[in-house]
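The values are calculated or read from the model by the stated rules, or taken from the named source; none is laboratory data. What you see is a predicted model; the values in this text were computed from it and never measured. Here the Cβ positions follow ideal geometry from the backbone for every residue, glycine too, while neighbour counts run over all protein chains shown. Side chains are part of the model used for accessible areas, which takes the heavy atoms of the whole protein and leaves out ligands, DNA and RNA. Shrake-Rupley method; radii C 1.70, N 1.55, O 1.52, S 1.80 Å.
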Amino acid sequence: MSASQKTSGWRAGLAHAEAVSCLGETLSETALLLRAGVSGVGLTDFVDGQGRRVMGCASPALPPDLPARERLLALAVHALIGVSRRRAAQAHPRPDRPPILLLGLPARFALEPQSYELNVAGRDFVQRLSAALPPPFAGADIEAFPFGRAAGAIAMARALQLAESRREVIWGGVDSLLHWPTLEALQQRERLLTMENVDGVRPGEAAAFAMVTHEGREDGWVAGLGLGREAHPVGSDGPCRSDGFAQALEAAVAPLRATGRRCALWALDASHERHATREVQNVIARFGDVLDPGTDLRLPLKELGDVGAAALPLMAALVLQDWAHGVARDEFAVLAAGADDGARGALLLAAGDPAAAGARPRAAEPREVTA
């Protein structure tokens, strides 16, 4: 079955993706170097409690001594400028109304855990970003999703609600763990990856965005989406069962199971932590019926560092880039990411151009989005 033949499940298209990461100032640089096996790991300017410099994955586009809030702003603006340039290159007409920016953010910007409402720092960041948006996106309505690595899936659920709004929608996220309170919290919980502690998180930073479109010239389609919540996330006393990921993936891969199809391209947000490895093992065990034996299993955060709220948009952008250059193993891709607090999300993406076959994507029915 080709991607263009399966039309009933198409929800929204993705196009004009751009990203900045520790491996490059553009999506194409990041994708090329990641495929080549290059790692962005290096010593940062942060020093841990034992006086040793913290290993991390910092963006080469930013000065190493740039404060955390400035890093976030610079990363987001850099990637959004790239999206605007890619969009302009295809000479799309300028819409009458400003776009909507669905913005994944670090969980530290939430007023309360698992809350959509931003705290003072979060509101300040959104205001500063609004003032710094590139001209094509000036005046955009910004909706923030401060859910860490789960933010991309929750923001995409909102994007599907907007499918029939005729508004341009920008989807993505930005995050940096190169932020001393974040690093200190990881260290106190013995979750910071060091030479002595191999069971930990390697801090990273990135921004990735794409346009959610319905114009027939998309680089990929959102064919499935699922959200879930893990009862025993990292740090919990309970056993790691991966029920949250299973819940999210069950919904996302439903179109594959409906046609008896397997997918050979999977990207998960696993880090170097044992808990993350267990979750990958559990996913493989539960979804063997849709996991192709020759699957290209990607764990990009091992090389890019934990990029937080940018994780799912960045993984999606990398898949779109591989499809554009014909180097992907499959015309479908399964992506999954989860936040430390237990929120989980999964996407099923599909390549191809349904418009070329006379098909149009079907908008999702509006529904309430929960974390």
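Brief remarks on what is shown
- Taking the criterion of being under 22 Å from L304 (Cβ atoms) and surrounded by fewer than 24 Cβ atoms within 10 Å (Cβ to Cβ), the residues of region 220-239 that qualify are P233, V234.
- Every pair of residues 6+ apart whose Cβ atoms lie under 8 Å, when the first sits in region 269-283 and is over 9 Å from S242 (Cα atoms) while the second is assigned to a helix (DSSP H, G or I) and of a type in the set (K, R): D269/R149; A270/K302; S271/K302; H272/K302
- Verdict on V169 being under 20 Å from A333 (Cβ atoms), aliphatic (A, V, I, L, M), touching a strand residue (DSSP E or B) at 6+ places or on another chain (Cβ under 9 Å) and open to solvent by less than 30 Å² (accessible area, probe 1.4 Å): no
- Candidate set: region 133-144, residues that are surrounded by fewer than 19 Cβ atoms within 10 Å (Cβ to Cβ) and of a type in the set (A, V, I, L, M, F, W, C); chosen: the one modelled with the lowest pLDDT: A138
- Meets criteria (within 20 Å of the chain's Cα centre (by Cα), open to solvent by less than 10 Å² (accessible area, probe 1.4 Å) and among the polar types (S, T, N, Q)) for S242: yes
- Filtered by the rule that a residue be open to solvent by 10 Å² or more (accessible area, probe 1.4 Å) and touching a residue at least 12 places away in the same chain (Cβ under 8 Å), region 326-338 gives V327, A328, R329, D330, E331.
- Failed item in (1) open to solvent by 60 Å² or more (accessible area, probe 1.4 Å); (2) within 15 Å of G173 (Cα to Cα), with D65 passing the rest: (2)
- Residues in region 92-132 that are open to solvent by less than 80 Å² (accessible area, probe 1.4 Å) and in a loop (DSSP other than H, G, I, E, B): 8 in all.
- Single match in H78, H92, H16 (criterion: closer than 30 Å to R167 by Cβ and at pLDDT below 90): H92
- Filtered by the rule that a residue be under 15 Å from the mean Cα position of the chain (by Cα) and outside any loop (DSSP other than H, G, I, E, B), region 276-302 gives R298, L301, K302.
- Counting the residues of region 96-117 that are of a type in the set (A, V, I, L, M, F, W, C) and either farther than 19 Å from W171 by Cα or touching a Pro at 6+ places or on another chain (Cβ under 6 Å) (or both) gives 5.
- Some residue of region 197-217 being part of a loop (DSSP other than H, G, I, E, B), touching a strand residue (DSSP E or B) at 6+ places or on another chain (Cβ under 9 Å), of a type in the set (D, E) and within 20 Å of A153 (Cβ to Cβ): no
- Among the residues of region 11-56, the ones that are in a strand (DSSP E or B), among the β-branched types (V, I, T) and surrounded by 19 or more Cβ atoms within 10 Å (Cβ to Cβ) come to 2 in all.
- Test set (1) assigned to a helix (DSSP H, G or I); (2) within 19 Å of A17 (Cβ to Cβ); (3) at pLDDT 95 or above; (4) not acidic (D, E) - L160 fails condition number: (3)
- Qualifying residue in region 212-224 (condition: of a type in the set (S, T, Y) and either within 14 Å of the chain's Cα centre (by Cα) or modelled with pLDDT under 95 (or both)): yes
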